[in-house]
Structures are given as structure tokens and as C-alpha cells.
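Below is one structure; the comments refer to it alone.
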Amino acid sequence: MSEHILVVDDEREITDLIGVYLKNDGYEVTSCYDAAGALEAVGRETFDLALLDIMLPDMDGFELCAKIREEHLFPIIFLTAKVADIDKIRGLSVGADDYVTKPFNAMELMARVRAQLRRNSKYNVGKKEEQDVIDIRGMSIDRASRRCTVDGRLLDLTPTEFNLLWELSANQGKVIPSEELFERVWKEKYFDSNNTIMAHVSRIRSKMNDNGKKPKYIKTVWGVGYTIE
């Protein structure tokens with residue numbers, strides 16, 4: 001059964017063109033031209049990934065992403081003409097997993113789609129390895145079930161957030177450089193992506209109700225990377 005992808009963009013030519021690329025690659029596609037239609041589709045169908053434009057007529061993509069994240073954890077990629085770092089950080093902080101700037105290269109877009117689907121599928125297989133459950137000071141993270149709890153409270157983590165937290169937990173006591181952490185989690189070559197890591201760590205801390213200035217779990221080693229001691 002082919003993966004089902006949601007494409008949301010008010011520019012119909014772009015939406016339809018992306019749909020052609022995706023269908024040619026073997027994916028099932030649902031296209032929407034506004035946020036209302038997208039939310040209706042998400043409530044009605046099951047998706048494996050979403051491509052969201054930021055500039056929509058009825059609701060911006062950031063808000064749409066946040067609403068989707070209230071119920072769903074499938075990967076989300078932003079399609080955006082906004083290139084400022086603050087916009088990228090905001091997108092990642094509301095739950096997006098990646099972004100592609102317009103005008104985009106079709107081959108790059110498809111590569112990012114495949115990478116997100118592959119990563120999500122790989123980490124959701126539930127393959128047993130040497131260690132599937134890690135407990136750290138009230139935090140329990142289960143690789144097989146993809147569940148993480150803090151003091152018994154289940155965290156609503158996106159696939160990328162879970163993968164990032166797992167890498168740090170599995171290497172407890174070690175400082176992982178930002179470049180290495182990015183390449184382990186995103187499976188891509190590092191390219192000035194410290195803001196990407198920072199945004200995801202900030203969101204994880206928020207979900208943990210962890211104090212960023214004196215964190216109990218993820219600690220920043222300035223100029224190097226991150227660790228869980």
C-alpha cells in the first residue's frame with residue numbers, strides 16, 4: 001500500500017505540480033488549497049506525511065501545523081517563500097520536521113519527502129535491539145513502542161522529537177556535537193542547522209516542563225552540542 005501525502009497550498013499550479021511529482025513517485029496524494037480543507041481531510045483520512053505552505057488564505061501554515069499536531073504525529077514539511085531564520089525556527093517549534101524554500105528544486109523536494117518517510121518508517125518498526133527502554137531520573141523512553149513518559153505523564157512527541165531524545169538518552173553521559181546529532185537524526189549532511197537542533201530541543205523541553213536555564217534532562221554544552229547526564 002502506497003504512502004498517503006497531504007499537499008496544502010493556495011497556489012493551485014504549485015499544488016497540482018507537486019501532486020504530479022508525488023504520484024509519479026508512487027504516492028497517493030490529497031490536495032487542499034486552504035487550511036479548512038486540510039483540517040477536514042486530516043480528520044477524515046489517514047496520512048503518512050504533509051506538505052504545508054505557510055501563506056494560506058484562511059489560516060497561516062504555522063497555526064495549521066499546530067492544530068494538526070494536537071492529534072497527529074506524521075512528518076510535516078513546510079513549503080515556504082520565507083527564508084529568514086526566525087521563520088524557520090518558528091516552523092520547527094510548532095512541530096514541523098523540515099522545510100523547503102520556494103522556488104524549490106523538484107528533486108530536492110522528493111528527496112526530503114523520501115527521507116522523512118524512510119526515517120519515520122524506520123523508527124516505527126519497533127525492531128528489538130540491545131536496549132529498548134531507558135529510564136533516566138523519572139523519564140522513561142521506549143524505542144519499540146515510541147512512548148516517552150516523564151513522572152508517569154506521556155509526552156506528545158513528534159517522530160523527529162522522539163528520535164532526537166532517543167539519541168541523547170541512548171548516549172547518556174556523552175556530549176553529542178550538534179553536527180553529529182543532526183546527521184544521526186535527520187540522516188542528512190549537516191548544513192548550518194544549529195537552529196534546527198535548538199528549536200527541537202526547546203520544544204522537547206517545553207513538553208517536559210523542563211527549565212531551559214537549569215534543565216533536568218537535555219543540557220546544552222555551548223559551542224559543542226547537547227547531552228543528557
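The values are calculated or read from the model by the stated rules, or taken from the named source; none is laboratory data. Here the structure is a predicted model, which is why all the values come from computation and not from measurement. Note that we place each Cβ from the backbone using ideal geometry, even for glycine, and neighbour counts take in every protein chain shown.
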Residue that is farthest from residue 219 (Cα to Cα), among those in the stretch 167-208 that are free of Cβ contacts under 8 Å to residues at least 60 places away in the same chain, among the hydroxyl-bearing types (Ser, Thr, Tyr) and touching a Ser or Thr at 6+ places or on another chain (Cβ under 8 Å): 190
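Residue-wise test of (1) of a type in the set (Asp, Glu); (2) crowded, with 17+ Cβ neighbours inside 10 Å; (3) at pLDDT 90 or above.
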residue: 48; (1), (2), (3): yes, yes, yes
residue: 52; (1), (2), (3): no, yes, yes
residue: 56; (1), (2), (3): no, yes, yes
residue: 65; (1), (2), (3): no, yes, yes
residue: 70; (1), (2), (3): yes, no, no
residue: 76; (1), (2), (3): no, yes, yes
residue: 79; (1), (2), (3): no, yes, no
residue: 85; (1), (2), (3): yes, no, no
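When the residues of the stretch 146-165 are filtered to those that are assigned to a helix (DSSP H, G or I) and among the aliphatic types (A, V, I, L, M), which remaining residue is farthest from the chain's Cα centre (by Cα)? Don't jump to the end; show me each part of the working.
Start the filter on the stretch 146-165 by keeping residues that are assigned to a helix (DSSP H, G or I), which leaves 159-165.
Okay, now just the ones that are also among the aliphatic types (A, V, I, L, M), so 164-165.
Working: 164: 10, 165: 12 Å.
Only one residue fits best here, namely 165.
Which one of 77, 18 is in contact (Cβ under 8 Å) with a residue 24 or more places away in the chain, under 12 Å from the mean Cα position of the chain (by Cα) and not assigned by TED's automatic domain parsing to the domain that holds residue 204? Break it down stepwise before answering.
Values: 18 fails: under 12 Å from the mean Cα position of the chain (by Cα).
One residue alone meets the criteria, 77.
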Subset tally (residues that are over 11 Å from the mean Cα position of the chain (by Cα) and at pLDDT 85 or above) for the stretch 87-103: 1
Criterion violated by residue 223 - all others in (1) more than 18 Å from residue 93 (Cα to Cα); (2) among the small types (Gly, Ala, Ser); (3) touching a strand residue (DSSP E or B) at 6+ places or on another chain (Cβ under 9 Å) satisfied: (3)
